[in-house]
Every structure is written in structure tokens, then in C-alpha cells.
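S.K.: Got a structure here, written out as C-alpha cells. Questions coming.
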Amino acid sequence: MEGVKVKERQTLLDPKRNRCEQRGVINIANLSDEIEQYLKEHLRRSQIIELQRVMLAAQFACAPSQINYVLTTRFTPERGYLVESRRGGGGFIRIIRLNVEDSNWLYDLAHRQIGDAVSQSEALGVIFRLREQEVIDDREAALMQAVVQRETIRVDLPLRDQLRASLLKSMILAILRF
């Protein structure tokens, strides 16, 4: 697999585009979105990207912890990514986009990866991945999201997470039938 190495300091933020930073106000949600989009753009071109956390933080004029936040919340296995990290002077972050090549991964997802219980955020991550990989469309994603919401499943934990897992597995198996 070929990877894109992002190790040189590059100016990514266009002063016209990043108006919040010019005023001295950093909108964390927008910054997280920008970092996520930047990384996903590189992942569209390559299965694997390797970068240095400090250099990426410098590019976005943020703390390395902001990079960690984006990686841990938006690049999860449920969303179709594997993140490897090595700390230290020569440390790096490697992000691998997991491809969907056949229906076996859906079966594996339904039977092994989801397990007997799943949290709302994990279920939404799975649905996000299905949508991003174009296994489902926007309408199907919206329906699936509505089903796994805690407001929909009005039972106490841990039964709620068990019921959510069962519902999510059933929806994935229904997708497999088509």
C-alpha cells in the first residue's frame, strides 16, 4: 500500500477562510472539522497516510491535543479507520482507511464487531461508516440513526445497549440480503 507522508510544514489555512483565528477566537468544532477534512482528503488519494502530530498541529495553529481529539473521535474502527501512533522525537501517526471490498465485512461487522451490546456513539459510528462507504444512502442512514437513539430505545442500561446491538445487527443483516 502506498502512503502519503505529511512531514514538512505547509501553510494550509487560508487567511480568508480562517476568519475566526484572525479575530483571536478559535472555533474548536470548525477546527476539528477542518482537520478531519484535510486528513480525509489525503485518505481519498491513498489508503494510508503517515504524519507527525506536532507538524499537523503547527499547520492548523492548534495544540497537539486537538489533533488527538480529532483522531480519537472521528477516525475510529467503527468509522472505517485504524490509527497507529508512536510517540517520541521520531514519532508518527499512521491512519489507515479500511476498505469495504465485499459483503463479508458486513457479516463480520454484524456478528463479531458489534458484539452483544453497543453504545449510541458506537452505533452512530457504524452507520456513519456504512454511509461513507456508500453501502447505504442518506435516507437509510437517517432511518438507522433514528432507531439507535437513546430517546427511541426507552429502557435502562445495560438492556438499552443490548437492544441497540440487536437492532443494529438486524438492520445490517437486512442490508446483506440485498
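The values are calculated or read from the model by the stated rules, or taken from the named source; none is laboratory data. The shown structure was predicted, so the numbers you read here are calculated from the model rather than taken from an experiment. Note that each Cβ is placed from the backbone with ideal geometry, even for glycine, and that neighbours are counted across all protein chains shown.
S.K.: Taking only segment 78-101 into account, find how many residues are modelled with pLDDT of 70 or more, on the phi < 0 side of the Ramachandran plot and not hydrophobic (A, V, I, L, M, F, W, C).
M.R.: 8
S.K.: Search segment 36-85 for residues being among the β-branched types (Val, Ile, Thr) and within 20 Å of Ala123 (Cα to Cα), and hand back the single one that is surrounded by the most Cβ atoms within 10 Å (Cβ to Cβ). Let's see the steps before the verdict.
M.R.: Of the residues in segment 36-85, the ones among the β-branched types (Val, Ile, Thr) are 48-49, 54, 67, 70, 72-73, 76, 83.
From what's left, within 20 Å of Ala123 (Cα to Cα): 70, 72-73, 76, 83.
On the way: Val70: 21, Thr72: 10, Thr73: 13, Thr76: 18, Val83: 14.
If we take residues in segment 36-85 being among the β-branched types (Val, Ile, Thr) and within 20 Å of Ala123 (Cα to Cα), then Val70 is surrounded by the most Cβ atoms within 10 Å (Cβ to Cβ).
S.K.: Could you count how many residues in segment 135-147 are in a helix (DSSP H, G or I) and surrounded by 12 or more Cβ atoms within 10 Å (Cβ to Cβ)?
M.R.: 7
S.K.: Please enumerate the residues belonging to segment 148-178 that are in a helix (DSSP H, G or I) and in contact (Cβ under 8 Å) with a residue 24 or more places away in the chain.
M.R.: Answer for segment 148-178, where residues must be in a helix (DSSP H, G or I) and in contact (Cβ under 8 Å) with a residue 24 or more places away in the chain: Val148, Asp161, Gln162, Arg164, Ala165, Leu168, Lys169, Met171, Ile172, Leu173, Ile175, Leu176.
S.K.: Related question: Quick one: would you say Ile127 is in contact with a Lys or Arg (Cβ under 7 Å, 6 or more places away or on another chain), modelled with pLDDT of 75 or more and β-branched (Val, Ile, Thr)?
M.R.: So Ile127 fails the test.
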